[in-house]
Amino acid sequence: MDTESYRLSILIPTYNDICVELVDALRRQANSLPNLTFEVLVADDGSTQPDIIEANRAIDSLAHCKYLRRERNEGRSAIRNYLARQARYELLLFVDSHMSVIRENYIECYLSHSSHPLVYGGYAITGTQPPKGNLRYKYELSCIKAQDVSCRAASPYSNFHTSNFMIHRDIMLAHPLDERFKRYGYEDVLFGKQLKAEGIEILHIDNPVGFNRFESNQRFVEKTEEGLCTLYEFCDELKGYSRLLSISERLEKWHIMGLPKVVHALFGKCIRRHLLSAKPSLFLFKVYRLGFFSSLRK
């Protein structure tokens, strides 16, 4: 690391998730950099599990770290905007609470690109393989090539996620995440679209965090359904930024949008039960997503 001084706020939104280990890993790495002034802020977006809340209170005992507890869940956009307002320093590094630090020079790598307005590092599947038949794991494994930096950089605004990025505070405050997004999903997609409209560059680099916690099939299907409801709610604004929307538009153009709707009406419950089983099919998962989304459209 060169002699330039840096001031960094590491910001972690969390909900019903113990993240003390992540906080300590980031704190120790930041503390090892002699020219860095930093803070770690964790904002709890209205967690409902008392044992998790109590465990995360240990964050306050770590140097340069603070646990900010909010009583009500405001959503993924609002909690990130809140963290940006609470931050003291000009560089903001956002990391999701279920991620892990997998590189010893993770923070240093971001700081070396601090002249760019926004930098996204991606994620990598790490750790031990989850129980056999975990749908989220199978899905992420099928998408892993898309996390390669060259693939991400080919469509920089479409391939941005809020799980691991650094942004200048003044830019974040001037262009906050859209707080109309209350439910799960797609707030980062619209954020990418808005940044493109404003001419704000997104630099994609190879600096991933680890993704090694995979929810149950039941929870993943529920989150997928919630995300599809969000996509439907904001479909006009997300045109051109969702592959599923593009497929739906083509089906409508060909006057066959009714087909996946009929398939979902007849077989949706059966397919959903299969997705919750020990051997879920990724193909049927895609069929279910298209059918569920088509069922929302009038």
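Observations on the model:
For every residue, the table says whether it meets (1) open to solvent by less than 50 Å² (accessible area, probe 1.4 Å); (2) touching a helix residue (DSSP H, G or I) at 6+ places or on another chain (Cβ under 6 Å); (3) among the aliphatic types (A, V, I, L, M).
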position: S114; (1), (2), (3): yes, no, no
position: G127; (1), (2), (3): no, no, no
position: Y137; (1), (2), (3): yes, no, no
position: D148; (1), (2), (3): no, no, no
position: N164; (1), (2), (3): yes, no, no
position: I167; (1), (2), (3): yes, no, yes
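- Criterion: open to solvent by less than 40 Å² (accessible area, probe 1.4 Å) and of a type in the set (G, A, S) - qualifying residue of G240, G210: G210
- Candidate set from the stretch 179-207 (those that are crowded, with 17+ Cβ neighbours inside 10 Å and among the acidic types (D, E)); member that is farthest from the chain's Cα centre (by Cα): E187
- Flag: I144 matches the condition of being of a type in the set (A, V, I, L, M), closer than 27 Å to R289 by Cβ, open to solvent by 20 Å² or more (accessible area, probe 1.4 Å) and more than 14 Å from the chain's Cα centre (by Cα).
A quick yes/no check of all residues on (1) out of contact with any helix residue (DSSP H, G or I) (no Cβ under 9 Å at 6 or more places or on another chain); (2) assigned to a helix (DSSP H, G or I); (3) buried (at least 20 other Cβ atoms within 10 Å of the Cβ):
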{"position": "D24", "(1), (2), (3)": "no, yes, no"}
{"position": "R28", "(1), (2), (3)": "yes, yes, no"}
{"position": "L33", "(1), (2), (3)": "no, no, no"}
{"position": "V42", "(1), (2), (3)": "no, no, yes"}
{"position": "S47", "(1), (2), (3)": "no, no, no"}
{"position": "E54", "(1), (2), (3)": "yes, yes, no"}
{"position": "A63", "(1), (2), (3)": "no, no, no"}
{"position": "Y67", "(1), (2), (3)": "no, no, yes"}
{"position": "R72", "(1), (2), (3)": "yes, no, no"}
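- When we screen R273, R289 for residues that are in a helix (DSSP H, G or I), basic (K, R) and crowded, with 16+ Cβ neighbours inside 10 Å, the only hit is R289.
- Annotation note: of N81, N73, N16, N31, the sole residue that is within 30 Å of T128 (Cα to Cα) and either under 22 Å from the mean Cα position of the chain (by Cα) or among the aromatic types (F, W, Y) (or both) is N16.
- Where a residue in the stretch 96-111 is closer than 12 Å to I10 by Cα and its partner, wherever it lies, is open to solvent by 60 Å² or more (accessible area, probe 1.4 Å) and of a type in the set (V, I, T), with Cβ under 9 Å and at least six apart: S97/I18
- Filter pass, I102 being aliphatic (A, V, I, L, M), at pLDDT 95 or above, surrounded by 16 or more Cβ atoms within 10 Å (Cβ to Cβ) and out of contact with any helix residue (DSSP H, G or I) (no Cβ under 7 Å at 6 or more places or on another chain): yes
- The single condition from (1) closer than 22 Å to P130 by Cα; (2) over 19 Å from the mean Cα position of the chain (by Cα) that D236 fails is (1).
- Any chance I171 is at pLDDT 95 or above and open to solvent by less than 70 Å² (accessible area, probe 1.4 Å): yes
The values are calculated or read from the model by the stated rules, or taken from the named source; none is laboratory data. Owing to the predicted nature of the structure, the values given are computational and were not obtained by experimental measurement. Note: ideal-geometry Cβ built from the backbone for every residue, glycine included; neighbour counts use all protein chains shown. To get the accessible areas, we keep the full protein, side chains included, count just its heavy atoms, and leave off ligands, DNA and RNA. Shrake-Rupley method; radii C 1.70, N 1.55, O 1.52, S 1.80 Å.
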